[in-house]
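Undergrad: Dumping the structure here so I can ask a few things about it.
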Amino acid sequence: MSVFINGVDKQSVDVNAVQVKQSLSGANSNVNKGVYDATLLETVDGDLAVGNIKAGITIFGKDGTLAMTMTHDVQGSDVDGQGSIGSVDWYLETTGDIAAGANVTLLTTTIDCAQATVIEAAYFIESFVNNANTVKLQLYIDGVAQGETGFIVALLGYLYYDIGYGSVASGARIVYLNAHNYDVVFADKVKFAGGLFAGACKNV
Amino acid sequence: MLVLVKMFSEVIMRLKIPLTGTISKYHPELAKYGGSSGISGDLNDPVRPVPVNLGNVSWKLVSIDLETDTAEIEVTPSDNISEPDLGAEGKQKKDKDGNLLYKSRQATEQEKVSFLQYAKNLVEGHTKDELYQISKCPRLKRPTGNNKLGGK
């Protein structure tokens, strides 16, 4: 039944013919019957921000920008602690001797993305002691080699691998960043800082 | 061999190279997307091109062919080259521990072409069997009980 007061149509929720003023709360998702003052949802809950929404997802018109982060499980001893450069967690490692012909895991992590994603492996070589032109870095995803660098002689390198649409189905995928010593005679040593991180998950 | 020229005259090359390692799982529903999305590998024996030293090039996986057990890779010459760090007398410098020191410099265009040529000669100048012998790696293995999916 519509109720008019002073000629103005009022909502039917009322107590003793008085409208119930409602308000939203960031503590819950309840939207009770009643009348509300105009507002912005992000004012009600400041956590409704693009930086808190995963990239590729839109909530109430806000396009998420949050890149998926990865947990890192550093292999070997973390000699010099860790810092961060931008959104990447870096781990400084001394690999110790990489035996002749050996393949050593520097970093490993797990990703889980329902759709496609971009895997990026960045590395910074602080110093290396080797016979030159012997050690390369390799990226493995889900037990399949995705690529390999040239000899790590430059001090700063960046590996970027877009593993393509549909390449990562839902479920955990393990990512390795390895160092391979192609010299079958001499061991090599690399002081390495690097990180593995994923870009935005994209919808197919 | 397929040679492509990207923007800014960057020369890249595609090669087909035999695969080693062990397939742990097939994902036929993802195979249509190319790359390696059709399979997963054993983490202790991952699916990979035979580990022959292709020289001062980097490569990215383009596709895997389970009929021929080969990977198509896109090969790019490195921008830098390492060479001995020589002192005033022309002798290679050493650090305090006696290790020989090296320095890096930009590779010339001619050197980059030679890097690609080296990789091409290595892969295309040998048979699949010879590449398995050089790398001391076995042929690609499949999950136990399922050897019907391709493979030569």
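The values are calculated or read from the model by the stated rules, or taken from the named source; none is laboratory data. Values in this document were obtained by computation on a predicted structure and should not be read as measured data. So basically every Cβ, Gly included, is an ideal-geometry build from the backbone, and we count neighbours across all protein chains shown.
Undergrad: Determine whether the stretch B:104-116 contains at least one residue that is more than 24 Å from the chain's Cα centre (by Cα), assigned to a strand (DSSP E or B), in contact (Cβ under 8 Å) with a residue 12 or more places away in the chain and within 11 Å of chain A (Cβ to nearest Cβ).
TA: No, the stretch B:104-116 has no match at all.
Undergrad: If you don't mind, another one. If I filter the stretch B:41-56 down to residues being over 8 Å from the mean Cα position of the chain (by Cα) and in a strand (DSSP E or B), which single residue comes out as farthest from the other protein chains (Cβ to nearest Cβ)?
TA: The selected residue is B:D45.
Undergrad: Another question, if that's okay. So if I check each of B:S58, B:S63, B:S82, B:S37, which one is modelled with pLDDT of 85 or more, surrounded by 20 or more Cβ atoms within 10 Å (Cβ to Cβ) and among the hydroxyl-bearing types (S, T, Y)?
TA: Just one listed residue meets the conditions, B:S58.
Undergrad: For the stretch B:99-115, indicate whether the set of residues that are under 26 Å from B:R48 (Cβ atoms), of a type in the set (D, E, K, R) and surrounded by 14 or more Cβ atoms within 10 Å (Cβ to Cβ) is non-empty.
TA: yes
Undergrad: Could you tell me whether the stretch B:135-150 includes any residue that is assigned to a helix (DSSP H, G or I), at pLDDT below 95, closer than 21 Å to A:F151 by Cα and within 14 Å of the chain's Cα centre (by Cα)? Before you say what the answer is, go through the steps one by one.
TA: Of the residues in the stretch B:135-150, the ones assigned to a helix (DSSP H, G or I) are B:135.
Next, from what is left, pick out any that are at pLDDT below 95: B:135.
Add one more test, that the residue is closer than 21 Å to A:F151 by Cα, and what stays is B:135.
Filter again for within 14 Å of the chain's Cα centre (by Cα), leaving B:135.
Among the residues of the stretch B:135-150, at least one is assigned to a helix (DSSP H, G or I), at pLDDT below 95, closer than 21 Å to A:F151 by Cα and within 14 Å of the chain's Cα centre (by Cα), which makes the answer yes.
Undergrad: Would you check which residues across the stretch B:74-94 are more than 7 Å from chain A (Cβ to nearest Cβ) and part of a loop (DSSP other than H, G, I, E, B) and list them?
TA: B:D79, B:D85, B:G87, B:A88, B:E89, B:G90, B:K91, B:K93
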